[in-house]
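The values are calculated or read from the model by the stated rules, or taken from the named source; none is laboratory data. Every value quoted in this text rests on a predicted model; they were computed, and no experiment measured them. Here the Cβ positions follow ideal geometry from the backbone for every residue, glycine too, while neighbour counts run over all protein chains shown. The protein model used for the area step is the full one, side chains on, heavy atoms only, and it has no ligands, DNA or RNA in it. Shrake-Rupley method; radii C 1.70, N 1.55, O 1.52, S 1.80 Å.
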Amino acid sequence: MFKQLVRLVLLVIGCELVAADGLVMAARPEAPENPKLSEVFALAIHGGAGATPAYLPPKVQEDCRRALRRALAQGKQILASGGTSLDAVEQVIRILEDDPHFNAGRGAVLNQLGGHELDAAIMDGRSLACGAVASVRTVKNPISLARLVMTRTGHVLLAASGAERFADTTSVQRVDQNYFRTAAKVQKWQRVRSNPQARAKELDRHMGTVGCVALDRHGNLAAGTSTGGLTNKQFGRVGDSPLIGAGTYADNATCAISCTGKGEEFIRRAVAKDISARMAYQRISLDDAVRTVLEDELQPGDGGIIAVDHQGQISVRFNTAGMYRGAADWRGRFEVGIGRSEIPIASPAPLATGSNCRSL
Ligand code: ASP
């Protein structure tokens, strides 16, 4: 009887160990607690995809390149010094939101009513924690409010007046709608309103949404995207940027993604999550997953994607005539481009052979 009891107790303990082990095996990979910092870090940024930038005056093109370099340098510095991918993503996007050349924060496009409604999202690949805001009207840096939604609310997405009310409880900077308005965006809006043909053309010129993806030296991925949406969009329209899995996604097991382009197309196809899922299920490389989705799922002219995986591989691809973009990594890579053929699209060389998908 006693022996049977001992056997039962041992059996139960054994089962629990297996269960515990099973749990550990199933857990999402996280950076080790004691961080012996890895050398490896990487980041990519975008400032929107659309028409060839050749239609822009050379000075504006140069200003955009300069802004991209400044944002990329800031992100690189944060990552090189051991900062987190979330901090890099937020800071890089804040710089681009503050720059009037981009369609995010200051310089956001106008909606049908002549106002500005801004969307943003951020995601932490370590835990799948994420936060987003949609249709905010008075928040200077929507990406920072999105991060607070992630860390403070227990929700993922707050919209319109609910997001504004939440902003009231934080110290994020607030501004008048006039702060977002620039002469260039007002002219664009007027062109679109006065002429339906111009409308189609402007849709193809949809440059300016901003995004950043990063891998930090702790091994964690993060992604963020911020936008004013599409010129003359219907009041209340929300694009792909703040929708987790559509325009923004990050998972330490696979990759971090930020998209730009015709939001409705990216929403329909859950583009960002699709890329991550292809890596996980098909065990294909980051660049193969990005290329397949862009070529097989989306239509020419739809937009572009920046991505980084857990090994520091970068993929930057677009099916439009141009895309504002940049990439930097621990190997000394630091480059920005706006036209079609300026920088190589994927990382120069694979880091390691074997699976490109960290197993769960
Ligand atoms: N994807 C954004 C939206 O549809 C716009 C853009 O990326 O240019 O709101």
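If you take the residues of the range 315-334 that are of a type in the set (A, V, I, L, M) and more than 22 Å from Ser285 (Cα to Cα), which of them is surrounded by the most Cβ atoms within 10 Å (Cβ to Cβ)? Spell out the reasoning first.
In the first step, residues of the range 315-334 are kept if they are of a type in the set (A, V, I, L, M); the result is 316, 321, 323, 327-328.
If we keep only those that are more than 22 Å from Ser285 (Cα to Cα) too, we end up with 321, 323.
On the way: Ala321: 18, Met323: 28.
So the residue we want is Met323.
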Residue pairs qualifying under the 7 Å Cβ cut-off, at least six apart or on distinct chains, with the first in the range 149-177 being more than 14 Å from Thr138 (Cα to Cα) and in contact (Cβ under 8 Å) with a residue 40 or more places away in the chain and the second being among the β-branched types (Val, Ile, Thr) and open to solvent by less than 80 Å² (accessible area, probe 1.4 Å), are Val156/Ile244
Within the range 39-90, of all residues that are part of a loop (DSSP other than H, G, I, E, B) and open to solvent by 50 Å² or more (accessible area, probe 1.4 Å), the one farthest from the ligand (Cβ to nearest atom) is Glu39
When the range 268-309 is checked residue by residue, the ones that are under 19 Å from Val210 (Cα atoms) and open to solvent by 60 Å² or more (accessible area, probe 1.4 Å) are Lys273
Residue pairs qualifying under the 6 Å Cβ cut-off, at least six apart or on distinct chains, with the first in the range 47-66 being under 20 Å from Phe334 (Cβ atoms) and the second being away from the ligand (no atom under 16 Å from the Cβ) and among the aliphatic types (A, V, I, L, M), are Arg65/Val336
Taking the range 268-314 and the residues there that are within 15 Å of Gly245 (Cβ to Cβ) and among the charged types (D, E, K, R), the one that is farthest from the ligand (Cβ to nearest atom) would be Arg278
Across the range 211-232, the tally of residues that are more than 8 Å from the ligand (Cβ to nearest atom) and either open to solvent by 10 Å² or more (accessible area, probe 1.4 Å) or of a type in the set (Lys, Arg) (or both) stands at 6
Pairs returned, first residue in the range 120-134 that is charged (D, E, K, R), second residue that is open to solvent by less than 10 Å² (accessible area, probe 1.4 Å), beta-carbon separation under 6 angstrom, 6 or more apart or interchain, are Asp124/Ala222; Arg126/Asn252
Exercise. Go through the residues of the range 327-340 one by one and say whether even a single one is closer than 16 Å to His46 by Cβ, within 14 Å of the chain's Cα centre (by Cα) and at pLDDT 95 or above.
Key: yes
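I'd like to verify a number: residues in the range 233-267 that are surrounded by fewer than 24 Cβ atoms within 10 Å (Cβ to Cβ), more than 10 Å from the ligand (Cβ to nearest atom) and β-branched (Val, Ile, Thr), how many?
Pass one, the range 233-267, residues surrounded by fewer than 24 Cβ atoms within 10 Å (Cβ to Cβ): 233-238, 244-245, 253, 262, 264-265, 267.
After this cut, where a residue has to be more than 10 Å from the ligand (Cβ to nearest atom) as well, the list is 234-236, 244-245, 253.
Adding the requirement that they be β-branched (Val, Ile, Thr) leaves 244.
Number of matching residues: 1.
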In the range 94-119, residues that are touching a Gly at 6+ places or on another chain (Cβ under 7 Å) and either within 22 Å of Asp168 (Cα to Cα) or outside any loop (DSSP other than H, G, I, E, B) (or both) total 9
Note on Gly14: of the conditions (1) surrounded by fewer than 10 Cβ atoms within 10 Å (Cβ to Cβ); (2) part of a helix (DSSP H, G or I); (3) at pLDDT below 90, unmet is (1)
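Within the bounds of the range 203-219, is there any residue that is part of a strand (DSSP E or B), over 18 Å from the mean Cα position of the chain (by Cα) and not β-branched (Val, Ile, Thr)? Walk me through it before giving the result.
As a first pass, look at the range 203-219 and keep what is part of a strand (DSSP E or B): 207-215.
Filter once more, so that each one left must be over 18 Å from the mean Cα position of the chain (by Cα): none.
No: the range 203-219 contains no residue that is part of a strand (DSSP E or B), over 18 Å from the mean Cα position of the chain (by Cα) and not β-branched (Val, Ile, Thr).
I'm trying to understand the selection: among the residues of the range 95-134, which are at positive phi and within 15 Å of the ligand (Cβ to nearest atom)?
Within the range 95-134, Gly105, Gly107 meet the criteria.
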